[in-house]
1. Out of residues 5 or more away from Ala60 or on other chains, whose amide H comes under 5 Å of its own, with H placed 1.01 Å from N in the peptide plane?
2. Once you have the Cα-Cα distance between Asn9 and Glu41, take 0.36 nm times their residue separation minus that, and quote the gain in nm to one decimal.
Amino acid sequence: MATRESMDNLIQQCEDAIRFANDHLQDGRMQEHYNDIGYTEALHSLEAAYNDLSKLALSANSQQREQLHRMRLQLQKLQNQMIIIPH
């Protein structure tokens, strides 16, 4: 079973990655190709958070896996938006 602290830390990391990516997605929509490096870093942070979620899910109980699954869906949705929407 994953500890509460590890779950909290990972959820916080995911929320930070989502905020960072949302900021760059909005900037990308307004400024187009002026900040490709930041946009790419935001995608990398989402991918890193997704990978960490997958690792922690292996040692999580069913309730924790459900919480991680919901967070994973949020990360995937934002990743898809950032890939599909031209910046």
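What follows draws every value from the coordinates through simple rules; no lab data is involved. What you are looking at is a predicted structure, and each value in this text was computed from that prediction instead of being measured.
1. Placed amide hydrogens put Ala2 under 5 Å from Ala60.
2. Numbers: separation 32, 0.36 × 32 = 11.52 nm, distance 2.03 nm.
Residue separation times 0.36 nm, minus the Cα-Cα distance, leaves 9.5 nm.
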